[in-house]
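The values are calculated or read from the model by the stated rules, or taken from the named source; none is laboratory data. Not measured: the values here are computed from a predicted model. Cβ sites come from the backbone with ideal geometry, for glycine too, and all protein chains shown count toward neighbours.
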Amino acid sequence: MVIKKEDKLQDVQELQVIAQLIDNMIIITDKLEKAYDNKDSVNFKQSKEEILKSKKQIENMLK
C-alpha cells in the first residue's frame, strides 16, 4: 500500500483539528464544573452541549 505525501499531510491536519477539539473540551469542562458549582443551569447546559458537539465531531473524523 502506497501512502501519498498529501495523504499524510491531510492526516496530520486532521490530527491537529482533533487535538484542538480535545483542548477545547478541557476548557469547556472547567466551565461546566464552575457552572455546576454555582448552580448555573443555563451555562451548565450550554457547556454540556458544546462538549457533546466536540465529541461528535471527533467521532465523525475518526470514522
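The table that follows gives values for the structure above.
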{"quantity": "Among the candidates Val12, Val17, Val42, Val2, residue that is surrounded by fewer than 11 Cβ atoms within 10 Å (Cβ to Cβ) and at pLDDT 90 or above", "calculated": "Val42"}
{"quantity": "First in segment 39-57 and more than 17 Å from Gln20 (Cβ to Cβ), second anywhere and at pLDDT 95 or above and in a helix (DSSP H, G or I), Cβ under 6 Å, 6 or more apart", "calculated": "Asn43/Ala35; Phe44/Ala35; Phe44/Tyr36; Ser47/Ile28; Ser47/Lys31; Ser47/Leu32; Ser47/Ala35"}
